[in-house]
Amino acid sequence: MNEQQQISRYVSYMYSYPHKTAYRTLTPQVSLSPYLERLEGREASLYFHIPFCAHKCGYCNLFSQQCCDAERISLYLHTMRRQAEQLSVAAQGLKFTSFAVGGGTPLILDEGQLEELFCLAELFGVHPSRVFTSVETSPEYTQKSVLRQLRARGVERLSMGVQSFNETELKKLKRRPGLGTVVGALENIVEAGFPQFNLDLIYGIEGQTVESFMRSLNTALTYRPNELFIYPLYVRPGTRINVRSTDDIGYAIYKSARELLVGQGFVQTSMRRFVRRETTETEFSCGDEVMLSCGAGGRSYLGNLHYATPYAVRQQAIADEIDHYIRTTDFMTAANGFLLSTEEMQIRFIIKNLMYYRGVDLAEYEKRFGEKPDRNLFREFTDRGWIEGTGRIVRLTEEGMAYSDYIGQAFISPAVRKLMSEYVYP
């Protein structure tokens, strides 16, 4: 047990594979057409990325620029239209079953611009009233009229980052919206009546205690979200946060939060995500999902081709990439990304499914890859009591779920690990 306590649970945020820091310039650039043709008939997700925020929070390492320049945002949307017009023709063979708008802060757009965004989705045959649609926002952008617009359009899920209901902790995170703004936003969201409503909270903030986090969590629950993401705070390159609480405090907070949420009927589907609704039976995480993105910063998965704008965290580098995106005319080639070998696809399948509560289906793995995974891959964590399963399914135990980010890192291939370690943050 002492050995386990010395292992950091919070190595790095592990949610996809390979990470964008493993992407590189593709030489020559890769045409998207043959990949889209091979995927004809497949179900897919459509993602629109709006990389603008009124304020860049101290912990944020996402591809987002602090910018409220109306002309710049307008130019960006015009570029998205050019991209959507090109991609939608080539992607007619895909069956889009979900649509998400993320950022940044998508609701920084005015109502007319949001309507334009939905019109762009319709080029792909996507109508929010017909496919599952999710939109992200922040407390500053939750005006009643905009929320009514989203509901009228059929948006089912709204997600908002609160992070904490403690003013001192919000200041430690260098997060601007005060509690008054947060409470007003929550009241508007509840009144709008989204079928699915998610809130994000962060633990591991310097000076945070189990008690202070649980007060925030209990406050969040009074607004009756049916989904909660509980994120550990990481100290990451390019951000303005360089200190967090100890692993022991973070883990104590996580355990208390998990106990409360499970006790109230939430299902834990990953280290971070807790869901309370009638069923999660239709949810899956297969590791070979198809996703097509529009906008700077969004990543696309087309079979073994993963591509995206070059990863950046610092504001000037992000602004430069957005400028480059606005100048782009050809959106039918990928210039920056990663071509996954069969081995990398196998690793992705394991990571994506093992980090999810349903676990790795060994029969499904064999069906996809023509061979069984090496059981020795799981032995170390099985011996520690973090992985269980002797039959068809291999999954994380309750304790293993808490070590998700540590466990996930262990499956990264040497080649991808080398690329990540060599990445120079612009």
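See the values below:
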{"item": "Debye, to nearest 20: dipole size of the chain, +1 on Lys, Arg Cβ, -1 on Asp, Glu Cβ", "result": "300"}
{"item": "Potential lengthening between Ser256 and Val183 on full extension [0.36 nm per residue; Cα-Cα distance subtracted]", "result": "23.9 nm"}
{"item": "Cβ-based charge dipole, segment 8-59, positive-most Cα from Pro34, Ala54, Ser8", "result": "Ser8"}
{"item": "Backbone HN-Hα couplings from phi across segment 111-125 [Karplus 6.51/-1.76/1.60, Hz, Gly and Pro as x]", "result": "4, x, 5, 5, 5, 4, 4, 5, 5, 5, 4, 5, 4, 8, x"}
{"item": "Pairwise label distance in nanometres, Arg314 with Gln29, each label 7 Å out on the Cα-Cβ vector", "result": "2.6"}
{"item": "Rg/Rh for segment 323-426, where both radii come from Cα atoms and Rh is the Kirkwood radius", "result": "1.09"}
{"item": "Förster-model FRET efficiency, 30 Å R0, Val210 and Asp288, C-beta, rounded to 0.05", "result": "0.15"}
{"item": "Over segment 366-420 - Rg/Rh using Cα atoms and the Kirkwood inverse-distance radius", "result": "1.01"}
{"item": "Segments 17-27, 52-62, 289-299 sorted - mean Cβ within 10 Å per residue, highest first", "result": "289-299, 52-62, 17-27"}
{"item": "Distant-in-sequence amide H partners of Asn336 (H built 1.01 Å from N, under 5 Å)", "result": "Leu26, Ala308"}
{"item": "Residue-level accessible surface for Met355, protein heavy atoms, 1.4 Å, Å²", "result": "20"}
{"item": "Residue (of Phe197, Thr309, Gln208) at the positive-pole extreme of the chain, dipole from beta-carbon charges", "result": "Gln208"}
{"item": "Value at 222 nm in deg cm²/dmol, rounded to 500, when DSSP H runs of n ≥ 4 in the chain each add -39,500 (n - 2.57)", "result": "-11500 deg cm²/dmol"}
{"item": "For segment 112-170: relative contact order, % (alpha-carbon pairs under 8 angstrom, 6 or more apart)", "result": "36"}
{"item": "Loop trypsin sites (Lys or Arg not before Pro), segment 320-410 (other Cβ atoms within 10 Å of the site Cβ: 15 or fewer; DSSP)", "result": "Arg358, Arg375, Arg392"}
{"item": "Anisotropy class of segment 1-125 from Cα gyration tensor, a/c 1.5 cut", "result": "oblate"}
{"item": "Segment 106-259 - convex hull of alpha carbons, volume per residue in Å³", "result": "127"}
{"item": "Restraint check, Lys172/Lys255; Lys95/Lys418; Lys255/Lys352; Lys95/Lys367; Lys255/Lys367; Lys372/Lys418, Cα-Cα greater than 31 Å", "result": "Lys95/Lys418; Lys255/Lys367"}
{"item": "Segment 32-117: relative contact order in percent, alpha carbon pairs under 8 Å with at least 6 residues between", "result": "49"}
{"item": "Kirkwood-based Rg to Rh ratio, the chain, C-alpha trace", "result": "0.94"}
{"item": "Relative contact order, percent, the chain [alpha-carbon distance under 8 Å, six or more residues apart]", "result": "22"}
{"item": "Selection of trypsin sites (Lys or Arg not before Pro), segment 85-181, meeting DSSP coil and at most 14 other Cβ within 10 Å", "result": "Arg130"}
{"item": "Rounded to whole Hz, the Karplus (6.51, -1.76, 1.60) HN-Hα couplings of segment 362-369, x for glycine and proline", "result": "5, 5, 5, 4, 5, 5, 6, 10"}
{"item": "Of the GluC sites (Glu not before Pro) in segment 332-374, those whose Cβ has at most 16 other Cβ within 10 Å and which sit in DSSP loop", "result": "Glu371"}
{"item": "Interchain or long-range residues, amide H under 5 Å from Gln66's placed H", "result": "Cys53"}
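The values are calculated or read from the model by the stated rules, or taken from the named source; none is laboratory data. Please read these numbers as outputs of a predicted model, since none were measured by experiment. Methodologically, a virtual Cβ is constructed for each residue, glycine included, from the backbone with ideal geometry; neighbour enumeration extends over all protein chains shown. The protein model used for the area step is the full one, side chains on, heavy atoms only, and it has no ligands, DNA or RNA in it. Shrake-Rupley method; radii C 1.70, N 1.55, O 1.52, S 1.80 Å.
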